[in-house]
Amino acid sequence: MSQTITIDPVTRLEGHGKITIQLNGQGEVDSAHFHVTQVRGFERFSEGRPFYEMPSLMARVCGICPVSHLLASAKACEAIMSVRIPHTAAQLRRVLNLAQMVQSHALSFFYLSSPDLLLGMEADPKVRHILGVAAAKPELGLAGVGLRRFGQSIIELLGSKRIHPGWVVPGGVTEPLSAGKRDKILSMLPEAYAGIQLALDAYKKIADNFRPEIEVFANFPSNYLGLINEEDESIAFTDGALRLVDAKGAIIEDGITASRFTEVIGEAVEPYSYTKFAYYKPLGYPGGCYRVGPLARLNIVKRMGAPKAEKEFVEFKQLAAGPVESSFHYHHARLIEILFGLEKIEEILADPKILDTHVRATAGVNRLEGAGQAEAPRGVLHHHYKVDDDGKMVWSNLVIATGQNNHAMDSGVLQAARHYVKDGKFTDGMLNRIEAVVRTFDPCLSCSTHALGQMPLAVSLVSADGEVLDRVAR
Amino acid sequence: MKQQEDTLNPDSAAPMRLEKARCLILACGNTLRSDDGLGPHLAAWAEERFRDEPCVTIISRQQWTPELAADVAAADAVLFVDCSIETKPGSVHLLPVLPRSSSPATATHHLDAPGLLALAHALYGARPAHAMLLAVGAGSIELGETLSDPVASALPRARGVLEKAVRRFLGN
């Protein structure tokens, strides 16, 4: 008789989902799936709205990475308008996107994953949370809170709101940066640098303790996709073009602009999840599936483009001869990206032109179709719109980072389940490890389904004849 | 009254260090979820009421997140304001809050009032001398931008309890 394990809900994620582990008659793991159980449909209710409303509408997809949606949406609108935004507006948007990346990565690492990393996978669930971290390692708790406040403060300074700022509009941004706000941001940097350095040092000291987890946490060859600066092949978050590399790090395709995205990327549907499964069309599904996000970004670029982050990047690349494969290393990559974000924000704000007051271009509908892309903290985000002659939305499609990592998360859950589930049974520590595989990707299930409401995660253990033998819900 | 945005005043010399607030009003709720909007509603009222009180800081959020521990740690007194789904609709309660380091909310990135107090103490070694929760029983938290009749009727009393608590914190 086969069995199924369901983890329902998976905790410490952005949104809710569940994991089902199917056992065969011998009590061995036969298959495992990560399900996203909510549906929302932002694409549908945008129909008929004026295209220039789209950035503020689409930002509501997510409370963690609204800035990425703002940017991808604004860029899609600018393709419809056929405008190039002023240089200063582009630089200010980069600062905003980097600030969001810093606060989101801080949330993922310090609030959601550091309880596992600092207190242990087997730690009592009653203390395995941010309060437990604060009690055991208050200096790291302070660093996490400080970095999150840093990113949120910049978003609030620029956009007047911590969540869903309305400052980014088609054509640029609504207001220039004042010298006072610039100086305020610069004055926050020393504390932020100290916080991330503390976290990087602490992580590198403990990473070796997790060798068994590194071996089975979605540790397999895959393709990787992300934005790069085409000029120097360095990491990019807001501009640039996409690069896809294979499992050995060889470039499969370069220069994938937003307008070409749907030529090469398709979306498959599976019956067990509302999240779609993105893949590279020439390689088909699932062979063309790939990973996105911090690990993918560090696997596709040649350099970081900022000195402190570059030093950490060189050390990171020592983890493997080619691409770094284990998704456990998403944590490390996330910290390096925070450091990069701080350096790049400092560099951009050091340019006096950042105070230029020409920050918005205007135009009407010059094309009936447009696409935009940016890196969200979790990976590539793509918005694609079609409008009528009056600029009213007639169609839209959003391809979200979590959907692009979906196949890898599924495969990672299967790999971990096969390792940890023995004789049809699992302990809390094993269960937590299977959840932790999903957490390495920092999926945003609200984004991936454009979903509504709370989303807890559950794990179910199901027999071969469909009987639920065990179920854990939180 | 000092709004939360003042902590980001570009003219301030110490951006990441918060000024000492004698009284922090920390509201929670979603105005698109009927009575769950009570916290933001009372926070907006308090902003007007305490406009001339520099010692009162007001923060309203949809969720209480861990980084608010810094604001809590910087206050002499904290009044948490939220609706309650566990008490009779329209009932008004003013309750003491004690720190608690384990709560159902800690599995994600938001905290309840006891969790915030515990985090403020763990990270900053600070604990406000007074911490109270003003809770009003919710009649509905379904989608909607208006308060239910019981909660709308309870608003005058809730405002009175809020003001009395703040005045007491301030020693007025």
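The values are calculated or read from the model by the stated rules, or taken from the named source; none is laboratory data. Since the structure is predicted, the reported quantities are computational estimates derived from the model, not experimental observations. Here the Cβ positions follow ideal geometry from the backbone for every residue, glycine too, while neighbour counts run over all protein chains shown.
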task: Being of a type outside the set (Lys, Arg), modelled with pLDDT of 65 or more and not in a loop (DSSP other than H, G, I, E, B) is the filter here, so list the residues in the range A:431-458 that pass it.
output: A:Leu431, A:Asn432, A:Ile434, A:Glu435, A:Ala436, A:Val437, A:Val438, A:Thr440, A:Cys444
query: Here is a list of conditions, (1) of a type in the set (Lys, Arg); (2) away from chain B (no Cβ under 14 Å); (3) buried (at least 17 other Cβ atoms within 10 Å of the Cβ), and A:Arg211 meets all of them except one; can you say which number that is?
result: (3)
query: Hey, which of the strands (runs of 3 or more DSSP E) in the range B:61-142, taking only ones fully inside, have at least 2 residues that are crowded, with 23+ Cβ neighbours inside 10 Å?
result: B:75-84, B:130-137
- request: Select from the range A:125-139 the residues that are more than 8 Å from chain B (Cβ to nearest Cβ) and either surrounded by 22 or more Cβ atoms within 10 Å (Cβ to Cβ) or within 20 Å of A:Val67 (Cβ to Cβ) (or both) and list them in ascending order.
  value: A:Arg128, A:Val133
message: Looking at the range A:73-84, I want the residues that are of a type outside the set (A, V, I, L, M, F, W, C) and have a partner that is surrounded by fewer than 24 Cβ atoms within 10 Å (Cβ to Cβ) and in a helix (DSSP H, G or I) with Cβ atoms under 7 Å, at least 6 apart or on another chain. Which pairs are those?
response: A:Lys75/A:Ala258
message: Where the second residue is of a type in the set (D, E, K, R) and the first is assigned to a helix (DSSP H, G or I) and lies in the range A:279-296, which pairs have Cβ atoms under 7 Å and are six or more apart or on separate chains?
response: A:Pro294/A:Arg334; A:Pro294/A:Glu337
query: Which pairs do you get when a residue that is without any contact (Cβ under 8 Å) to a residue 60 or more places away in the chain, found in the range B:86-102, comes within reach of a residue that is loosely packed, with under 14 Cβ neighbours inside 10 Å, reach meaning Cβ atoms under 8 angstrom, with the pair 6+ apart or on two chains?
result: B:Ser102/A:Lys126
Selection count, the range A:152-179, where residues are under 25 Å from B:Ala70 (Cβ atoms), touching a residue at least 24 places away in the same chain (Cβ under 8 Å) and facing chain B (nearest Cβ under 10 Å): 6
- prompt: Which residues, taken from the range A:40-85, are small (Gly, Ala, Ser) and more than 16 Å from the chain's Cα centre (by Cα)?
  reply: A:Gly41, A:Ser46, A:Gly48, A:Ser56, A:Ser73, A:Ala74, A:Ala76, A:Ala79, A:Ser82
- prompt: Counting residues that are modelled with pLDDT of 90 or more and under 15 Å from A:Gly166 (Cα atoms), which helices (runs of 4 or more DSSP H) fully inside the range A:1-115 reach at least 2?
  reply: A:54-58, A:66-81, A:87-106
- line: Among (1) surrounded by fewer than 17 Cβ atoms within 10 Å (Cβ to Cβ); (2) more than 14 Å from every other protein chain (Cβ to nearest Cβ); (3) at pLDDT below 95; (4) under 30 Å from A:Gly132 (Cα atoms), B:Pro54 falls short only on (4)
- prompt: Applying the selection to the range A:268-295, what residues are among the charged types (D, E, K, R) and over 18 Å from the mean Cα position of the chain (by Cα)?
  reply: A:Glu270, A:Lys281
A:Arg162 being at pLDDT below 95 and either crowded, with 19+ Cβ neighbours inside 10 Å or in a loop (DSSP other than H, G, I, E, B) (or both): yes
